[in-house]
Amino acid sequence: MMKKELHVISTGQQGKADVIKIARSIHTYVDWIHLRENHRSPEEILHFIQGMKEADIPLSKVVLNGSSSVALAGGVGGVQLSHRGEDVLKVKKHYPMLRVGCSVHSLSEALEKEKRGADFLLFGHVFESNSKPGLRPRGLHALQEITAYVSIPVIAIGGMIPSNVQEVLTAGASGVAVLSGIFGANDPERAAFNYQRNLR
């Protein structure tokens, strides 16, 4: 059985030093650290990645949201593409060394991204989420439908707390993705440990 994955995503609302400090404290408990800093320039992102490297955070665990070319230049392990972002097939062709994830919101999108060669999917938001106020969650049934029809890992995102991790695993998810639950926690290291413990 494949190991269940814990993905942690930066909120885009913290300074570089804080993000690096938190990433350094949690990286042994998490499988992937997504750098989602879409407001920063490519040059800033590369400085960010260099700072992570200097803090002994394994870049093989880092996923960059957005640009595959910047991900390659930074030497990170993967890239996360939005559903309207770069074409997965082209990214896989030009940068076969990158693990490519895609954000999806429906079964049709999930099937399309799998067909194009995505390595994993991020699906959500599954539960009510502070980052999506007023938007109705897609729910466990929609997650279960997607995991039944695609063969690549589906990572559940949106409203993830340690106590609902088992619910999404039962629905077929291969792991969870967390933003403020870890990056916004009073004790990020302990929070990461708690999520990881519930993924076993």
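The values are calculated or read from the model by the stated rules, or taken from the named source; none is laboratory data. The structure presented is a predicted model; accordingly, all values stated were derived computationally and were not measured. Positions of Cβ are generated from backbone atoms using ideal geometry, with glycine treated the same way; all protein chains shown enter the neighbour counts.
Tally time: how many residues in the stretch 110-134 are farther than 19 Å from VAL176 by Cβ and surrounded by fewer than 21 Cβ atoms within 10 Å (Cβ to Cβ)?
7
Mind checking whether some residue in the stretch 59-74 is at pLDDT below 95 and either surrounded by fewer than 17 Cβ atoms within 10 Å (Cβ to Cβ) or aliphatic (A, V, I, L, M) (or both)?
No - not one qualifying residue is present in the stretch 59-74.
If we scan the stretch 135-146, do we find a residue that is closer than 30 Å to SER25 by Cα, surrounded by fewer than 17 Cβ atoms within 10 Å (Cβ to Cβ) and modelled with pLDDT of 95 or more? Steps first, please.
Within the stretch 135-146, the subset closer than 30 Å to SER25 by Cα is none.
No, the stretch 135-146 has no match at all.
Would you pick out the residues in the stretch 9-50 that are among the charged types (D, E, K, R) and not in a helix (DSSP H, G or I)?
Once the filter is applied, which keeps residues that are among the charged types (D, E, K, R) and not in a helix (DSSP H, G or I), the stretch 9-50 yields ASP31, ARG36, GLU37, ARG40.
Among the residues of the stretch 153-200 satisfying the criterion of being basic (Lys, Arg) and more than 28 Å from LYS16 (Cβ to Cβ), which is surrounded by the fewest Cβ atoms within 10 Å (Cβ to Cβ)? Explain how you work it out, then say what you get.
Of the stretch 153-200, the ones basic (Lys, Arg) are 190, 197, 200.
Within this subset, residues satisfying the condition of being more than 28 Å from LYS16 (Cβ to Cβ) are 197, 200.
On the way: ARG197: 11, ARG200: 8.
Of everything passing the filter in the stretch 153-200, ARG200 is surrounded by the fewest Cβ atoms within 10 Å (Cβ to Cβ).
Being of a type outside the set (Asp, Glu) and in contact with a His (Cβ under 9 Å, 6 or more places away or on another chain) is true for just one of VAL176, VAL168, VAL150. Which residue is that?
The conditions single out VAL176.
Look at the stretch 6-35 and say how many of its residues are in contact (Cβ under 8 Å) with a residue 40 or more places away in the chain, crowded, with 18+ Cβ neighbours inside 10 Å and not small (Gly, Ala, Ser).
Residues in the stretch 6-35 being in contact (Cβ under 8 Å) with a residue 40 or more places away in the chain, crowded, with 18+ Cβ neighbours inside 10 Å and not small (Gly, Ala, Ser): 12 in total.
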